[in-house]
Amino acid sequence: ATVPDVVTFVICAIVVLSGAAGVIVSRHAVHAALSLVLTLFGVAVLFVEQHAYFLAAVQVIVYAGAIVVLFLFVIMFLGVDRKEDVWFESLKGQRPLALLFVAVALGGVPALAATAHWVTGAHHVSAATTAGHHTDVYLLGRSYLTT
């Protein structure tokens, strides 16, 4: 990996993680949806870094452009000006169960990391210059339109 690749990855990782944290900690639903857009754009840049241009375009057009707009439409349609009582629990036992799932997930990640056999490979995972030096978009289109 070159220095620009590492710098791009670190910046995009910070953007993705801060957007994901914004989705979780935002009190306002519209702010959470906009944080989700930030996360999706960061992932799209990471796809560009891996030379997966088609996936980056799909990430921006489908997810950030369509799905999040649908989320915002539903949020606005249902109304965001209502106040909710967060201490009223409609499903009894939901919070202890959520804490149990968080504990299992946080315990499982280090356990998986300790027993995993990490394999490193080539920098390009999308095969951008294989099969006659064609891009992945060309190969995808050729496969789609011929076979």
Just the residues that are open to solvent by less than 100 Å² (accessible area, probe 1.4 Å) and either at pLDDT 80 or above or under 10 Å from Val30 (Cα atoms) (or both), please, taken from the stretch 71-92. Phe71, Leu72, Val74, Ile75, Val80
For the stretch 44-54 the number of residues that are open to solvent by 40 Å² or more (accessible area, probe 1.4 Å) and either on the phi > 0 side of the Ramachandran plot or touching a residue at least 12 places away in the same chain (Cβ under 8 Å) (or both) is 7
Name the residue, out of Val68, Val37, Val15, Val23, that is more than 30 Å from His134 (Cα to Cα), touching a helix residue (DSSP H, G or I) at 6+ places or on another chain (Cβ under 7 Å), modelled with pLDDT under 85 and open to solvent by less than 60 Å² (accessible area, probe 1.4 Å). Val68
Looking at this structure, is Phe47 modelled with pLDDT of 90 or more and over 24 Å from Ile14 (Cα atoms)? no
Whichever residue in the stretch 93-131 is open to solvent by less than 80 Å² (accessible area, probe 1.4 Å) and over 28 Å from Phe9 (Cα atoms) and, among such residues, is modelled with the highest pLDDT: Ala103
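The values are calculated or read from the model by the stated rules, or taken from the named source; none is laboratory data. In this text, all values refer to a predicted model and were calculated from it rather than measured experimentally. Note: ideal-geometry Cβ built from the backbone for every residue, glycine included; neighbour counts use all protein chains shown. The accessibility values were calculated without ligands, DNA or RNA, using every heavy atom of the protein model including side chains. Shrake-Rupley method; radii C 1.70, N 1.55, O 1.52, S 1.80 Å.
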